[in-house]
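Please read the structure below before turning to the comments.
The values are calculated or read from the model by the stated rules, or taken from the named source; none is laboratory data. Note that the structure is a prediction, hence the values are computed from the model and not measured. Every residue, glycine as well, gets a Cβ built from its backbone with ideal geometry; the counts of neighbours run over all protein chains shown. Only protein heavy atoms, including side chains, enter the accessible area calculation; ligands, DNA and RNA are left aside. Shrake-Rupley method; radii C 1.70, N 1.55, O 1.52, S 1.80 Å.
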Amino acid sequence: MSTADQPARPSAIAGYEDWPRYVQGQQRYVSATAAAQELSEALGVPAVGPPPDATIDWTETHDGVTTSQLSWQLGFGPRTTGWLVRPAGVSGPLPGLLALHCHGGNKFGGADRLVELREAHPSAAEARAGHYDGRALATEVARAGFAVLAHDTFAWGSRRFDLSQPPWRTSSALEARKSQWQEDGVVPTDAELYNAAAGFHEDTVAKTAGLLGTSLAGMVAHDDLAALEILASLPEVDAARLGCLGFSGGGGRALTLAALSPRIRNYVVTCMMTTFDSLLPAYLDAHSWLLQTPGLWKLGDWPELTARSGADGFLVQYALADQLFPEAGMRDAHRTLEALHPGGYTGSFWPGGHVFTAGMQNEAITYLAANLGAGSPGARIQSTVPTA
């Protein structure tokens, strides 16, 4: 077969063909301190410009909260969708919170798993049931007196890659998965098909990012920093009282965002804290490229990266039966954090596996409300005591 007769090779970064030029034309994100700048350089975070114009697509009030769907265009890739959730009927600037969705092996959706929506894709409900104890985290936080922005980050939801014609390596792996489904009598949904392809494709995204001098975590941080600037600019928000929280990959995003931006005053990391050493050799394969940026260990261990943040304090929640982190690694990280942040760090250990339970969410909301000065106009928080 001649070259002319061969099928066209699909794009490996469909929907993001403008990504390389964007990164090549940007300087690094400039942090407020030398320590934070080292992290920006290690992750390869592109500079974030002025807040992009956010369009309000719709607004509705239901069950004590007002939810607005926003959208904005960054300098590359598809348009971003996010949701601003705040208590209904409350006037005056509120403390602002960025709610950061997890990885979850679900890139078909993004922040929709965190928001109570009248019309949501079934994959969002599945993500809530599997990882958030059935609750819409951003909506629950808003009920406690916060203005909460939950957005799709790079490669998730509205910002996902177009894999309708997967690149060859991804396509080959996906065909093998389809064969297994067929053998098992499974008819995959559109979300399951996409997520299977995206799982294989993440290696290609990480490879492309490395070639461009950035990383998957660095690109995610870029999108998160842009969303933080949008949150800070909203009239409903007190820009002096900003925080963030996230579970699993979202917890890693919270740690990174707090280290990079001085806007974050308090934050919560849930089920995303251990030592790098504890991941070797058996736990490496359990994690995505969000945690495993090449060369990151040169800056220090994972818990030590928190010292690069200027936040007033933070809460880390550990799950004792977490399938992704050994207990010994979590205990070691806890001791390191106690030594690094006397008076500024709170750690709690909970029973159960890799799930952001209702009790953990209540603890996180209570912590953030106390430290960022939120009222509780519609809070539904019940006290739960973690395991020591």
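Can you work out which of the residues in the range 291-306 that are under 18 Å from the mean Cα position of the chain (by Cα) and part of a loop (DSSP other than H, G, I, E, B) is surrounded by the fewest Cβ atoms within 10 Å (Cβ to Cβ)?
Ranking the qualifying residues of the range 291-306, first place goes to Gln292.
Mind checking which pairs have a first residue in the range 242-255 that is within 12 Å of Val148 (Cβ to Cβ) and a second that is part of a strand (DSSP E or B) and basic (Lys, Arg), Cβ under 9 Å, 6 or more apart or different chains?
Leu242/Arg265; Gly243/Arg265
So is Val23 open to solvent by less than 30 Å² (accessible area, probe 1.4 Å) and in contact with a strand residue (DSSP E or B) (Cβ under 6 Å, 6 or more places away or on another chain) or not?
yes
Taking the range 258-285 as the search range and keeping residues that are open to solvent by 30 Å² or more (accessible area, probe 1.4 Å) and part of a helix (DSSP H, G or I), which one is nearest to Ala196 (Cα to Cα)?
Residue satisfying both the conditions and the ranking: Asp285.
Go through (1) assigned to a loop (DSSP other than H, G, I, E, B); (2) surrounded by 24 or more Cβ atoms within 10 Å (Cβ to Cβ) one by one and return the number of the condition Pro235 breaks.
Only one criterion in (1) assigned to a loop (DSSP other than H, G, I, E, B); (2) surrounded by 24 or more Cβ atoms within 10 Å (Cβ to Cβ) is unmet by Pro235, namely (2).
I'm told Gly44 meets every condition in (1) out of contact with any Gly (no Cβ under 7 Å at 6 or more places or on another chain); (2) more than 27 Å from Leu84 (Cβ to Cβ); (3) surrounded by 14 or more Cβ atoms within 10 Å (Cβ to Cβ) except one. Can you identify the failing condition by its number?
(1) is the only condition that Gly44 fails.
Go over the candidates Ser288, Ser309 one by one and state the one that is more than 22 Å from Gly104 (Cβ to Cβ), crowded, with 16+ Cβ neighbours inside 10 Å and under 19 Å from the mean Cα position of the chain (by Cα).
Ser309
Can you tell me which residue in the range 316-333 is nearest to Leu255 (Cα to Cα), limited to those that are among the small types (Gly, Ala, Ser) and in contact with a Gly (Cβ under 7 Å, 6 or more places away or on another chain)?
If we take residues in the range 316-333 being among the small types (Gly, Ala, Ser) and in contact with a Gly (Cβ under 7 Å, 6 or more places away or on another chain), then Ala319 is nearest to Leu255 (Cα to Cα).
What residue, of Gln361, Gln317, is polar (S, T, N, Q), in contact with a Ser or Thr (Cβ under 7 Å, 6 or more places away or on another chain) and open to solvent by less than 10 Å² (accessible area, probe 1.4 Å)?
Gln317
Within the set of pairs 6+ apart or on separate chains, which have a first residue in the range 342-362 that is under 23 Å from Glu304 (Cα atoms), a second that is surrounded by 20 or more Cβ atoms within 10 Å (Cβ to Cβ) and modelled with pLDDT under 95, and C-beta atoms under 8 Å apart?
Hits for this filter: zero, empty list.
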